[in-house]
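Asks: Following this message is one structure expressed as structure tokens.
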Amino acid sequence: MKTPGSNPLGRARRLRRVALPAAAAATLALVAACSGPPKHDPARQAANYQLSPGTPPAKGDIGSFRWALYAEPLTLDYIAAFDYPQNTVLSNVCESLMRWTPQLTMEPGLAEKASNPDPTTWVYDLRPGVKFHDGSVMTADDVVYSLGRQMNPDLGAAWADSFENVDTVTATGPLRVTVKLKQADSLFPQLMATAAGVVASRKGVEAAGKDYGTTGGLDCTGPYKLGDWAKGQSLKLERFDDYRGAKAKAGTVEFKFLTDASARTNAMLGGEVDGGFLVPSESYERLRTSGAGTLYFGEGLSTLNVNVTNIRGTLADVRVRKALSMALDRPGIVRTALAGNGKTTGSITPRAAWAGAPADAQAAAFDRLPPDTQDIEQAKKLVEQAGAKGKTVTVATSPIGQDVSLVATAIQDAGTRIGLKVELKTIAPDAFSALFTDPKAREGIDMFPETYYLSVTDPVDLLRNFRTGGYQNHAGYSNAEYDALIARITETYDPAQRFALEAKLQQQAAAEVLWMPIAEWPSTVFLNKRITGAPTTISYMYYPWAADVGAAG
């Protein structure tokens, strides 16, 4: 779930899918669907920001640096790593079988090779001599145990649905793990680059018992190991000198928990912290002009949408949903809620997710989408035709940041102008988070602002939410044709065929107005003059980004 202090609330999800199709009998390294975002997007570059491929590489090692987090992780147990705070930290401590790169491509991780000898088999050959933080050496048994925890229904893993098509995970050699699927699953291999594919020491996890993830070490293999954790204040990571790869440039990393957006910004400006991701949009200009450092924008694979949570009340008629979407002032929302740093869109999936798609599939996905321009008069007609004039729609809002509150206000304004009665329901930040996980929290709520980020450069990562029973299918949408398309996509390894099917899926989601797209929103990172090397993209969720951060001069 995304609950970044000032970012529109995003996704609580059981699935952080990495859609990375590979041909049967091929060896997995880099695949077309994970080719990363486009190298240049003229429309994006013409906006109020420019995407940077990265920050300057570090010029040397550094003793330590401090980083801002908008919230304290509830746990660092990898099976519960479903949100920004957990993954921003955990990505530096625990490694997965495969790895997402700063360029949003995929490469081997703890597995030096992944092969697909037949559609229902994936074989992972592990790197030899990889050490856990306790000094023991990783074996296939640790991998089987780690993935098994994700599949254990008694543990309630946030990633459990990622393994829905997995039949067995077995050690077929000291450094080989074989995964047998119940049916072909083109999403599963991509998931192994996310927290779903994390490997931890079986001995360490069992020794910690119920306290694993909250006290003591995590016994993983990353470039950092867990240090002191001062609850409510900060968390430290210490460099792991026996790491299998290049040594981390900083000896320690301290994460400061700063829940207030203004306090977080002031900490960056005043040097209390050296940097941070998820910069509050209302602080962009202050940071840009402060002279204290540099604000960077990168590909976030993120779209700002209106999450429709109820299609049984006023929004049951698709004409009302179309009318509300048509009435939204998207440029105004970008200008105010995103401080001008976004690009309006009529697509709930970001264009970068289609980077590996053939031109005809991209055209099929985007050319017939509803326009993202405002049309109040036509929207009024739709409301009247649906007999919905004067009916009530309730929108959740929260004082998390200006983006959430201003988007909610924009929805209210749009609805009022076309004849609807739109009520705002203000919810505390922690209660707002519950909208993603607790059906009771959504009672009486018809919609709320949400930023959804993809964990891979494949649109099905978002579109799969709307299948019958999907974890973020809060409105309970159910359509046999849509479900059949999802099933075909899941079973299809060929990238071109998959994208063609996903284009149909995108058009169907748009026609039904399952969510209301507003804008694409970049990833942000601020670095003061002392440090450099952090990625600009959302790769920091699964890539050990802190190991690259070092001295700027």
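Asks: In this structure, is Ser162 under 24 Å from the mean Cα position of the chain (by Cα), open to solvent by less than 10 Å² (accessible area, probe 1.4 Å), modelled with pLDDT under 95 and closer than 28 Å to Asp458 by Cβ?
Replies: yes
Asks: Keeping to region 446-502, report how many residues are over 24 Å from Pro429 (Cβ atoms), in contact with a Gly (Cβ under 7 Å, 6 or more places away or on another chain) and assigned to a loop (DSSP other than H, G, I, E, B).
Replies: Within region 446-502, residues that are over 24 Å from Pro429 (Cβ atoms), in contact with a Gly (Cβ under 7 Å, 6 or more places away or on another chain) and assigned to a loop (DSSP other than H, G, I, E, B) number 1.
Asks: Quick one: Arg176 ticks every box in (1) charged (D, E, K, R); (2) in contact with a Ser or Thr (Cβ under 9 Å, 6 or more places away or on another chain); (3) in contact (Cβ under 8 Å) with a residue 12 or more places away in the chain; (4) surrounded by fewer than 22 Cβ atoms within 10 Å (Cβ to Cβ) except a single one, so which number is it?
Replies: Evaluating Arg176 over (1) charged (D, E, K, R); (2) in contact with a Ser or Thr (Cβ under 9 Å, 6 or more places away or on another chain); (3) in contact (Cβ under 8 Å) with a residue 12 or more places away in the chain; (4) surrounded by fewer than 22 Cβ atoms within 10 Å (Cβ to Cβ) leaves (2) as the failure.
Asks: Does Thr215 satisfy the condition of being open to solvent by 70 Å² or more (accessible area, probe 1.4 Å) and in a loop (DSSP other than H, G, I, E, B)?
Replies: Numbers: open to solvent by 70 Å² or more (accessible area, probe 1.4 Å): yes; in a loop (DSSP other than H, G, I, E, B): yes.
Taking the combined requirement at face value, the residue satisfies it.
Asks: Answer yes or no as to whether Arg319 is open to solvent by 10 Å² or more (accessible area, probe 1.4 Å), of a type in the set (Lys, Arg), touching a residue at least 40 places away in the same chain (Cβ under 8 Å) and part of a helix (DSSP H, G or I).
Replies: So Arg319 passes the test.
Asks: Sticking with this one: Is region 523-531 home to any residue that is modelled with pLDDT of 95 or more and charged (D, E, K, R)?
Replies: Yes, that holds for at least one residue.
Asks: Criterion first (under 21 Å from Lys322 (Cα atoms) and modelled with pLDDT under 95) does Asn473 satisfy it?
Replies: It is true that Asn473 is under 21 Å from Lys322 (Cα atoms) and modelled with pLDDT under 95.
Asks: Quick check on my filter: what residues within region 277-299 are free of Cβ contacts under 8 Å to residues at least 40 places away in the same chain and either within 16 Å of the chain's Cα centre (by Cα) or part of a loop (DSSP other than H, G, I, E, B) (or both)?
Replies: Ser290, Gly291 - these are the residues of region 277-299 that are free of Cβ contacts under 8 Å to residues at least 40 places away in the same chain and either within 16 Å of the chain's Cα centre (by Cα) or part of a loop (DSSP other than H, G, I, E, B) (or both).
Asks: Looking at (1) within 30 Å of Cys94 (Cα to Cα); (2) open to solvent by 10 Å² or more (accessible area, probe 1.4 Å); (3) of a type outside the set (Asp, Glu), which is the one condition that is false for Ala546?
Replies: Tallying (1) within 30 Å of Cys94 (Cα to Cα); (2) open to solvent by 10 Å² or more (accessible area, probe 1.4 Å); (3) of a type outside the set (Asp, Glu), Ala546 fails exactly one: (2).
Asks: Moving on to the next point. Conditions: (1) within 23 Å of the chain's Cα centre (by Cα); (2) open to solvent by less than 50 Å² (accessible area, probe 1.4 Å). Ala230 meets all but one. Number of the miss?
Replies: The one condition Ala230 does not meet is (1).
Asks: Select, from Thr105, Thr75, the only residue that is closer than 30 Å to Ala434 by Cα, at pLDDT 50 or above and hydroxyl-bearing (Ser, Thr, Tyr).
Replies: Only one candidate qualifies: Thr75.
Asks: Here's another thing I want to ask about it. Could you figure out which of (1) open to solvent by 10 Å² or more (accessible area, probe 1.4 Å); (2) in a strand (DSSP E or B) isn't true of Val253?
Replies: Evaluating Val253 over (1) open to solvent by 10 Å² or more (accessible area, probe 1.4 Å); (2) in a strand (DSSP E or B) leaves (1) as the failure.
So that you can scan it fast, the table gives a plain yes or no per residue for (1) modelled with pLDDT of 95 or more; (2) of a type in the set (A, V, I, L, M):
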residue: Leu435; (1), (2): no, yes
residue: Tyr453; (1), (2): no, no
residue: Val460; (1), (2): no, yes
residue: Pro517; (1), (2): yes, no
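Asks: Quick one: Pro102 ticks every box in (1) farther than 27 Å from Thr168 by Cα; (2) under 16 Å from the mean Cα position of the chain (by Cα); (3) open to solvent by less than 10 Å² (accessible area, probe 1.4 Å) bar one, so which box is it?
Replies: Evaluating Pro102 over (1) farther than 27 Å from Thr168 by Cα; (2) under 16 Å from the mean Cα position of the chain (by Cα); (3) open to solvent by less than 10 Å² (accessible area, probe 1.4 Å) leaves (3) as the failure.
Table: residues versus (1) under 30 Å from Gln103 (Cα atoms); (2) at pLDDT 95 or above; (3) not in a strand (DSSP E or B).
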site: Leu301; (1), (2), (3): yes, no, no
site: Leu304; (1), (2), (3): yes, no, no
site: Pro331; (1), (2), (3): yes, yes, yes
site: Asn341; (1), (2), (3): yes, no, yes
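Asks: Next question. Filter region 265-282 down to the residues that are open to solvent by less than 10 Å² (accessible area, probe 1.4 Å) and modelled with pLDDT under 95, then identify the one that is nearest to Lys236 (Cα to Cα).
Replies: The residue in question is Val279.
Asks: Is it the case, given these coordinates, that Ala184 is of a type outside the set (Val, Ile, Thr) and either outside any loop (DSSP other than H, G, I, E, B) or within 30 Å of Val253 (Cα to Cα) (or both)?
Replies: Spelling it out, it is not the case that Ala184 is of a type outside the set (Val, Ile, Thr) and either outside any loop (DSSP other than H, G, I, E, B) or within 30 Å of Val253 (Cα to Cα) (or both).
Asks: Could I ask something else about it? Hey, among Glu502, Glu481, Glu443, Glu423, which residue is out of contact with any strand residue (DSSP E or B) (no Cβ under 6 Å at 6 or more places or on another chain), open to solvent by 10 Å² or more (accessible area, probe 1.4 Å) and at pLDDT 95 or above?
Replies: Checking each option against the conditions leaves just Glu481.
Asks: Which condition number does Lys203 fail, the rest of (1) out of contact with any Ser or Thr (no Cβ under 7 Å at 6 or more places or on another chain); (2) open to solvent by 70 Å² or more (accessible area, probe 1.4 Å) being met?
Replies: (1)
The values are calculated or read from the model by the stated rules, or taken from the named source; none is laboratory data. Predicted model only: the values in this text are computed from it and were never measured. As a convention, Cβ positions derive from the backbone with ideal geometry for all residues, glycine included, and neighbour counts pool all protein chains shown. All accessible areas refer to the heavy atoms of the entire protein, side chains included, with ligands and DNA or RNA removed. Shrake-Rupley method; radii C 1.70, N 1.55, O 1.52, S 1.80 Å.
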